[in-house]
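Report on one structure; see the data block that follows.
Coordinate-derived values only; no laboratory data. Treat the numbers as computed from the prediction; the structure is a model and nothing was measured. Cβ atoms come from the backbone with ideal geometry, glycine included; neighbour counts cover every protein chain shown.
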Amino acid sequence: MDYLIRLKTVVIAVIGALLFLLATFEAEAQSQDAGSDPIFRIGTGGSGGSYFPIGSLIAQELTAHCPVLALAQRSKGSASNVQDIGAGLLEAALAQADVVHWAYHGTAEFKESGPIENLRTVATLYLESLHFVVRTDSGIEGFRDLAGKRVSTDEIGSGTQLNVQQVIRSQGLSEEEIKLVYLKPIDAIDRFRRGALDAFFVVAGYPVNGVSELVADGVGKILPLEIAVDSPLLTDFPFLTVDEIPQNTYGNSQAVKTLAVPAQLIVDAGLDSDLIYRITQTLWDNKTLAVLSANHPKGGEVAFDSALAGLIAPLHEGAARYYSEQAHPDLSQAAR
């Protein structure tokens, strides 16, 4: 009996000590959190596109110069990014302007779920291009040749997938005529290289490294998308624009015609105005622009003059204050 009493006493003492240590660690953690910068999560895209590297560079500069710990998070892309901001799972994200438009107004793919009203814009960054990549041995020479072929349009919930849906319909094809699969670019490239995929699409700033490797190895090639400037597609979806992938980007002897859409940095409307002011200020600092330009081809296209081009979701009040102080010429036309 004495043994059991002593054992019980020891157990109670050990439990008490553990509870004391747990309370101490919790208090220390709370103290550290109270004095640390808040986490600022930036939704980007998959590893194969331009969103993740550009988002990572922006996160690096924000962490260095703003009172935040900015983290670039891989994601499925534009559509999932805006949904995650709406759900409070992200503070910021990169997203295609057309996806932002549909999400903010609750139209197209967001008609059933309804508008995401807490989206706010910080800036338009650069144009990203629709890449139409086919295997060199696939026999595909144009869009109509996709009938019966194995084609990836990126993950469901990505901006690429939504854009390709539009293009397929504009070309008189139905999705049922194509053997569609929904793979993130890195997985599509792997399956493509193994001969298990005939073509894939990706919307991203050029050059896309995985596409460059496929072309260099003779496995794939970039085909043009011949879309007339007066096409109903561009009338119905004014955020799409006729563009070109420049000569020699992928060993191409001539520029490749395609479509492009602006990439934008968007944030949650509920974020502190002073914080977003600092973030906008840091984005347009010469040091940040130099880092972007030196580390990614599309980073060199991020320009203050086009910061307010094609905005749909209103500017966050902190960003609007910054542009007002800088007397940006397009501020009066921007959504506020």
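Would you please give the FRET efficiency between residue 235 and residue 87, computed as 1/(1 + (r/R0)^6) with r the Cβ-Cβ distance and R0 = 41 Å, to the nearest 0.05?
With R0 = 41 Å, the Cβ-Cβ based efficiency is 0.80.
Around residue 296, what is the net charge, scoring Lys/Arg as +1 and Asp/Glu as -1 over all other residues with Cβ under 14 Å from its Cβ?
On the way: positive: 298; negative: 61, 128, 301.
Surrounding charge for residue 296 is -2.
Counting other beta carbons within 10 Å of each Cβ, put 212, 78 in order, fewest first.
Details: 212 15, 78 34.
In order of increasing Cβ crowding within 10 Å: 212, 78.
Gap in Å between the Cα centre of the stretch 206-245 and the Cα centre of the stretch 285-322?
The stretch 285-322 and the stretch 206-245 have Cα centres separated by 23 Å.
At 10 °C and 1.306 mPa s, grab the translational diffusion coefficient of the chain from Stokes-Einstein with a Kirkwood Rh over Cα pairs, rounded to a whole number in µm² per second. Don't skip to the end; give the middle numbers.
Numbers: Rh = 21.7 Å.
Here the translational diffusion coefficient equals 73 µm²/s.
For residue 149, which lysines qualify as cross-link partners when the Cα separation must be under 25 Å and same-chain residues fewer than eight apart are set aside?
The reachable lysines, counting only those whose Cα sits under 25 Å from residue 149, are 76, 179, 184, 221, 257.
Which whole-Hz ³J(HN,Hα) couplings does the stretch 123-135 yield from phi under the Karplus relation 6.51 cos²θ - 1.76 cosθ + 1.60, θ = phi - 60°, glycine and proline marked x?
5, 8, 9, 6, 8, 10, 9, 7, 9, 10, 10, 10, 5
Amide H of residue 258 versus every other amide H placed in the peptide plane: which residues, excluding those fewer than 5 positions away on the same chain, fall under 5 Å?
HN-HN under 5 Å from residue 258: 225, 243, 244, 245.
Cβ under 12 Å from residue 190's Cβ, residue 190 left aside: what net charge do those residues give with Lys, Arg +1 and Asp, Glu -1?
Net charge around residue 190: +2.
Suppose the chain between residue 273 and residue 175 were pulled fully straight at 0.36 nm per residue; how much longer would it get relative to their current alpha carbon spacing?
That pair, residue 273 and residue 175, stretches by 30.9 nm at full extension.
Of 188, 277, 227, which is farthest towards the positive pole of the chain's charge dipole, taken about the Cα centre with +1 and -1 on the beta-carbons of Lys, Arg and Asp, Glu respectively?
Value computed over the given set: 188.
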